[in-house]
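This report concerns only the one structure given below.
The values are calculated or read from the model by the stated rules, or taken from the named source; none is laboratory data. Bear in mind the structure is a predicted one, so any value in this text is a computation, not a measurement. Cβ placement follows ideal geometry from the backbone for every residue including glycine, while neighbour counts extend to all protein chains displayed.
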Amino acid sequence: MDYTEQSLLFKIRKLYRYIKLYGIKRSLIKVKGQYHMKNNKSFEGKIFHNNNCKNQKSSDRVIAIVGCGNFAYSNIAYYLFKKNKNFLRATYDIDKSKSLSLCENYNGLYASESINDIINDDCIKLVYIASNHYSHAIYAAQFISANKIVHIEKPHAVSYDQLSLLYKSYTENKNSQILLGFNRPKSKLFKILTSYLDKESGPLMINWFIAGHQIEDNHWYFDKKEGGRVLGNLCHWSDLILHIVKLDNCFPCVITSSNKENSKSDFVCSISFSDGSASTISFSAKGHTFEGVREILNVHKGNTLGMLKDFATLELDIIEKIIKKKLFFRDHGHKKNILNSYNALFKNNGEDIDYVMASGIFILAIRDSIETGQKVTVEKKNTGKYSVRINDKKIY
């Protein structure tokens, strides 16, 4: 939904609700992000040099943002700017007007019409990739080969071939680091929840229900090469499941699904893991969610029963104890995850390649089950490599 086209009363109500959920500053930057997406002012030539940029020679300017849409504007650049007002060296987007807008509003040094300028700029040490989904792994491999640190927003790959490309480039370039854009594992309440679950023994029962935004059939998400909503949205919660169950307990796993034929935005899938844990994910997008994506987790392990709602409230039942946590504002972990990648400039905190591969393969296998309606099995070999089968047919 284009909020800028709604009535004044709707805008007031939306802003008021968001202030209650996220606070004044975060809500205002979300509003600015909406108007950033409407910007159509571009620049002439191949590169825009920002003459209004302050401290142009600052050695801090080692970061580029590739893909300058709403998320990059209202989350990535917003938190980096709060950390360091001179963080931004360069921006790139296939839409030059978005690259220009982000560059000007966040005190960047230049905006380019060519990705090669970012690749070949030796002053750039860290690149945040928030472009269209199909391009994530392709750009990341190029930056890794140029020995740059890469933060890849979700999903980090939309095919098994792209995952193999990431694996090859990462293992061949030891001077680089990969960090992933899965923010929710770093949210405060999720960390509290897993700290209690980790004290228990035995398998887990996990149930995610997510209500997402309804989007039009012609939305770019539904372009076949972009991976659809399974890879574009569901990967958040598949990744969280791996964090709850733990990688050592996950494989082999078996995935089944039950969905209406040709459904683009409504999915139900079930997963059984090697340690006896089981999980379901239900994703529904039937209308407009006024408060953004809504998500509820119910989880049970040992004596601990937990319910996490919208990353704002957490309730734990542990035998006779009832523990309740409520945040003043929602915390999806965006700030911590974005700044965690920023900190990679100063210390080696990149992701382990096994986790990068496991998270990518897991969501691709879920997609295969949803699209085919068949059972999909993911196994991890003794060599550390993964295999994927649809029924008995190996596809990876």
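How many residues, within the stretch 287-311, are among the small types (Gly, Ala, Ser) and crowded, with 19+ Cβ neighbours inside 10 Å?
Final tally of qualifying residues: 1.
I'd like to verify a number: residues in the stretch 90-107 that are in a helix (DSSP H, G or I), buried (at least 24 other Cβ atoms within 10 Å of the Cβ) and of a type in the set (S, T, N, Q), how many?
Matching residues across the stretch 90-107 total 2.
Looking at Ala141, is it among the aliphatic types (A, V, I, L, M) and within 17 Å of the chain's Cα centre (by Cα)?
Here the answer is no, as Ala141 does not meet what is asked.
Might you let me know whether the stretch 195-206 holds any residue that is surrounded by fewer than 17 Cβ atoms within 10 Å (Cβ to Cβ), within 19 Å of Asp275 (Cα to Cα), in contact (Cβ under 8 Å) with a residue 12 or more places away in the chain and hydrophobic (A, V, I, L, M, F, W, C)?
Within the stretch 195-206 (the criterion being surrounded by fewer than 17 Cβ atoms within 10 Å (Cβ to Cβ), within 19 Å of Asp275 (Cα to Cα), in contact (Cβ under 8 Å) with a residue 12 or more places away in the chain and hydrophobic (A, V, I, L, M, F, W, C)), the answer is yes, since at least one residue qualifies.
Looking for something under 17 Å from Leu339 (Cβ atoms), touching a residue at least 60 places away in the same chain (Cβ under 8 Å), assigned to a helix (DSSP H, G or I) and of a type in the set (Ser, Thr, Tyr) - is there at least one such residue anywhere in the stretch 66-78?
So far as the stretch 66-78 goes, no, none of its residues is under 17 Å from Leu339 (Cβ atoms), touching a residue at least 60 places away in the same chain (Cβ under 8 Å), assigned to a helix (DSSP H, G or I) and of a type in the set (Ser, Thr, Tyr).
For the condition under 19 Å from Gly228 (Cβ atoms), of a type in the set (S, T, N, Q) and without any contact (Cβ under 8 Å) to a residue 12 or more places away in the chain, what is the one hit in Ser263, Ser257, Ser284?
Answer to the check: Ser263.
Okay, residues lined up against (1) farther than 30 Å from Phe10 by Cα; (2) in contact with a helix residue (DSSP H, G or I) (Cβ under 8 Å, 6 or more places away or on another chain):
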{"position": "Tyr221", "(1), (2)": "no, yes"}
{"position": "Lys224", "(1), (2)": "yes, no"}
{"position": "Thr256", "(1), (2)": "yes, yes"}
{"position": "Ser265", "(1), (2)": "no, yes"}
{"position": "Ile281", "(1), (2)": "yes, yes"}
{"position": "Thr313", "(1), (2)": "no, yes"}
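Need the failing condition index for Asp266 against (1) in contact with a strand residue (DSSP E or B) (Cβ under 7 Å, 6 or more places away or on another chain); (2) modelled with pLDDT of 95 or more, just the number.
(2)
Looking at the stretch 226-253 only, could you name the residues that are of a type outside the set (A, V, I, L, M, F, W, C) and either in contact with a strand residue (DSSP E or B) (Cβ under 7 Å, 6 or more places away or on another chain) or part of a helix (DSSP H, G or I) (or both)?
Once the filter is applied, which keeps residues that are of a type outside the set (A, V, I, L, M, F, W, C) and either in contact with a strand residue (DSSP E or B) (Cβ under 7 Å, 6 or more places away or on another chain) or part of a helix (DSSP H, G or I) (or both), the stretch 226-253 yields Glu226, Gly228, Arg229, Gly232, Asn233, His236, Ser238, Asp239, His243, Asp248, Asn249, Pro252.
Given the options Leu204, Leu231, Leu193, Leu240, name the one that is under 24 Å from Ala77 (Cα atoms) and in the same structural domain as Phe362 (by TED's automatic domain parsing). Break it down stepwise before answering.
Values: Leu204 fails: under 24 Å from Ala77 (Cα atoms); Leu193 fails: under 24 Å from Ala77 (Cα atoms); Leu240 fails: under 24 Å from Ala77 (Cα atoms).
Exactly one residue qualifies, and that residue is Leu231.
Identify all residues within the stretch 108-125 that are of a type outside the set (A, V, I, L, M) and part of a helix (DSSP H, G or I); write none if there are none.
Asn116, Asp117, Asn120
Can you tell me which residue among Tyr73, Tyr22 is at pLDDT 90 or above and either surrounded by 16 or more Cβ atoms within 10 Å (Cβ to Cβ) or aromatic (Phe, Trp, Tyr) (or both)?
Tyr73
Return the total of residues in the stretch 126-136 being among the polar types (S, T, N, Q) and either at positive phi or not in a helix (DSSP H, G or I) (or both).
Selection size over the stretch 126-136: 2.
If Ser58 satisfies all but one of (1) modelled with pLDDT of 95 or more; (2) in a loop (DSSP other than H, G, I, E, B); (3) of a type in the set (Ser, Thr, Tyr), what's the number of the condition it fails?
(1)
Restricting attention to the stretch 254-275, report how many residues are within 23 Å of the chain's Cα centre (by Cα), assigned to a strand (DSSP E or B) and of a type outside the set (S, T, N, Q).
Qualifying residue count, the stretch 254-275: 5.
Does the stretch 276-289 include one or more residues that are over 19 Å from the mean Cα position of the chain (by Cα), charged (D, E, K, R) and at pLDDT 95 or above?
In the first step, residues of the stretch 276-289 are kept if they are over 19 Å from the mean Cα position of the chain (by Cα); the result is 276-280, 286-289.
Subset that is charged (D, E, K, R): 286.
Subset that is at pLDDT 95 or above: none.
No, the stretch 276-289 contains no residue that is over 19 Å from the mean Cα position of the chain (by Cα), charged (D, E, K, R) and at pLDDT 95 or above.
Is it the case, given these coordinates, that Lys336 is exposed (fewer than 15 other Cβ atoms within 10 Å of the Cβ) and either outside the structural domain of Tyr22 (by TED's automatic domain parsing) or within 21 Å of the chain's Cα centre (by Cα) (or both)?
no
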